[in-house]
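Colleague: Here it is, the structure in full.
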Amino acid sequence: MSILTDKSTKILILGITGREAISITQDTLDYGGHVVAGVTPGKGGRFVHGIPVYNSVKEAQVQHVINAAIICVPVTAAKIASFECITNNIPLILIVTERIPQFTTAQIVEYARLKGSMIIGPNSMGLISPGKGKLGGIGGPAKDTKRTFQPGSIGIMSRSGGMTTEIANLLSLNGKGVSTAISIGGDPIIGSTFADLLPLFEKDPATSALVTFSEPGGGMEAELAKTFQKTRSKLKIISFMAGNFMSEIPGVRFGHAGSLIRTPADSIEAKAAVLQKAGIQVAKQLSDIPNYLNSD
């Protein structure tokens, strides 16, 4: 099985005539994904890599079955594009666009919850179930994606798109593969957290363990720990958190907007303690992850 996407996923790309979206479209098609349509207002009737472009989501839905959307538009258009997808009942929406204001993101996430759409992102590189399907630019060109993301039984949830690929590559080098990998986004407010996505991995018979990649800032790890204990999850979870150097170099900030430390509970040390108390293993070095997966 796979989580959220497979070979039957019919994909709509918003902002398809933009440079980044053109690349995502090509990579998705090369990987075997079904991009059925694109939307760029005012450019309806054009084609991108053979994919028809429409002026609106509603117009595209008249001609195509669509069950996933990739939003790759300028930040000023992100709210309109997201609301249009949610209003038209697209069940899965990946938001690639970054630097969306927090208030706008909160509105998008709340509207999606009210209407029953799942949001991945913003600021997400995408998600992939190797050999079955992918959404977004995760893994890069298809030839690189196929080499890095080998099919297997390890799920990945990561705040960093680049580290999603890095972890998959590490697993591949150690003879392991990926069931589904999700770049959840590095912004302070995102649509789907570790805890939100954990039940999907638990229901997936192809997933035997999970690797999470975290950064300083926010309460996502505490939320994961609480959900892990509450559901009595049978999955083995290994967490790696970057940014240990921050405690040694005062004033240095980590990369993503969501990594701002506001309280002592946001520090790497505090997060590690909460995870370990819940029974989630914490790897001190990225290279230690395969050893934790091999241990009982």
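The values are calculated or read from the model by the stated rules, or taken from the named source; none is laboratory data. Because the structure is a prediction, the values reported are computed rather than measured. Every residue, glycine among them, receives a Cβ derived from its backbone with ideal geometry; neighbour counts consider all protein chains shown. Surface accessibility is based on the protein's heavy atoms, side chains included, excluding ligands, DNA and RNA. Shrake-Rupley method; radii C 1.70, N 1.55, O 1.52, S 1.80 Å.
Colleague: Any residue in region 258-278 that is part of a helix (DSSP H, G or I) and modelled with pLDDT of 65 or more sitting within a Cβ distance under 7 Å of a residue that is among the hydroxyl-bearing types (Ser, Thr, Tyr) and open to solvent by less than 20 Å² (accessible area, probe 1.4 Å)? List the pairs, counting only those 6 or more apart or interchain.
Modeller: Taking only residues 6 or more apart or on different chains, the pairs are Lys271/Ser214; Leu275/Ser239.
Colleague: On to the next question. In this structure, does Lys226 turn out to be open to solvent by 10 Å² or more (accessible area, probe 1.4 Å), charged (D, E, K, R), over 27 Å from Glu98 (Cβ atoms) and free of Cβ contacts under 8 Å to residues at least 24 places away in the same chain?
Modeller: no
Colleague: Taking the stated definitions as given, is Lys7 among the basic types (Lys, Arg) and modelled with pLDDT under 95?
Modeller: Taking the combined requirement at face value, the residue satisfies it.
Colleague: Something else: Among the residues of region 281-296, what is the count of those that are farther than 14 Å from Ala209 by Cα and assigned to a helix (DSSP H, G or I)?
Modeller: So the answer is 3.
Each row is one residue, and each column tells you yes or no for (1) at pLDDT 95 or above; (2) aliphatic (A, V, I, L, M); (3) surrounded by fewer than 24 Cβ atoms within 10 Å (Cβ to Cβ).
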site	(1), (2), (3)
Asn88	yes, no, yes
Ile93	yes, yes, no
Thr104	yes, no, yes
Val109	yes, yes, yes
Lys115	yes, no, yes
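Colleague: Among the residues in region 52-60, are any more than 23 Å from Gly191 (Cα to Cα), of a type in the set (Ser, Thr, Tyr) and either surrounded by 19 or more Cβ atoms within 10 Å (Cβ to Cβ) or in contact with a His (Cβ under 6 Å, 6 or more places away or on another chain) (or both)?
Modeller: Yes, region 52-60 contains a residue that is more than 23 Å from Gly191 (Cα to Cα), of a type in the set (Ser, Thr, Tyr) and either surrounded by 19 or more Cβ atoms within 10 Å (Cβ to Cβ) or in contact with a His (Cβ under 6 Å, 6 or more places away or on another chain) (or both).
Colleague: Of everything in region 171-191, what is surrounded by fewer than 20 Cβ atoms within 10 Å (Cβ to Cβ), touching a strand residue (DSSP E or B) at 6+ places or on another chain (Cβ under 9 Å) and assigned to a helix (DSSP H, G or I)? Give them in sequence order.
Modeller: Residue satisfying the conditions is Ser172 alone.
Colleague: Hey, among the residues in region 157-170 that are open to solvent by less than 30 Å² (accessible area, probe 1.4 Å) and either in contact with a His (Cβ under 7 Å, 6 or more places away or on another chain) or among the small types (Gly, Ala, Ser) (or both), which one's nearest to Leu200 (Cα to Cα)?
Modeller: Step by step, filter region 157-170, then rank; the result is Ser158.
Colleague: How many of the residues in region 38-64 are part of a loop (DSSP other than H, G, I, E, B) and either touching a residue at least 24 places away in the same chain (Cβ under 8 Å) or among the basic types (Lys, Arg) (or both)?
Modeller: The total comes to 6.
Colleague: Restricting attention to region 192-223, which residues are touching a strand residue (DSSP E or B) at 6+ places or on another chain (Cβ under 8 Å), polar (S, T, N, Q) and surrounded by fewer than 24 Cβ atoms within 10 Å (Cβ to Cβ)?
Modeller: Ser192, Thr207, Ser208
Colleague: Right, another one. Of (1) in contact with a helix residue (DSSP H, G or I) (Cβ under 7 Å, 6 or more places away or on another chain); (2) farther than 19 Å from Ala78 by Cβ; (3) surrounded by fewer than 17 Cβ atoms within 10 Å (Cβ to Cβ), Thr148 satisfies all except one. Which?
Modeller: All conditions pass for Thr148, except number (3).
Colleague: Right, here's the next one. Output the residues belonging to region 6-32 that are in a loop (DSSP other than H, G, I, E, B) and either buried (at least 24 other Cβ atoms within 10 Å of the Cβ) or free of Cβ contacts under 8 Å to residues at least 24 places away in the same chain (or both).
Modeller: Gly15, Ile16 - these are the residues of region 6-32 that are in a loop (DSSP other than H, G, I, E, B) and either buried (at least 24 other Cβ atoms within 10 Å of the Cβ) or free of Cβ contacts under 8 Å to residues at least 24 places away in the same chain (or both).
Colleague: Kindly establish whether Ile119 is buried (at least 23 other Cβ atoms within 10 Å of the Cβ) and within 18 Å of Ile13 (Cα to Cα).
Modeller: Spelling it out, Ile119 is indeed buried (at least 23 other Cβ atoms within 10 Å of the Cβ) and within 18 Å of Ile13 (Cα to Cα).
Colleague: I'd like to know if region 188-201 contains one or more residues that are hydroxyl-bearing (Ser, Thr, Tyr) and more than 25 Å from Leu114 (Cβ to Cβ).
Modeller: No, because not a single residue in region 188-201 is hydroxyl-bearing (Ser, Thr, Tyr) and more than 25 Å from Leu114 (Cβ to Cβ).
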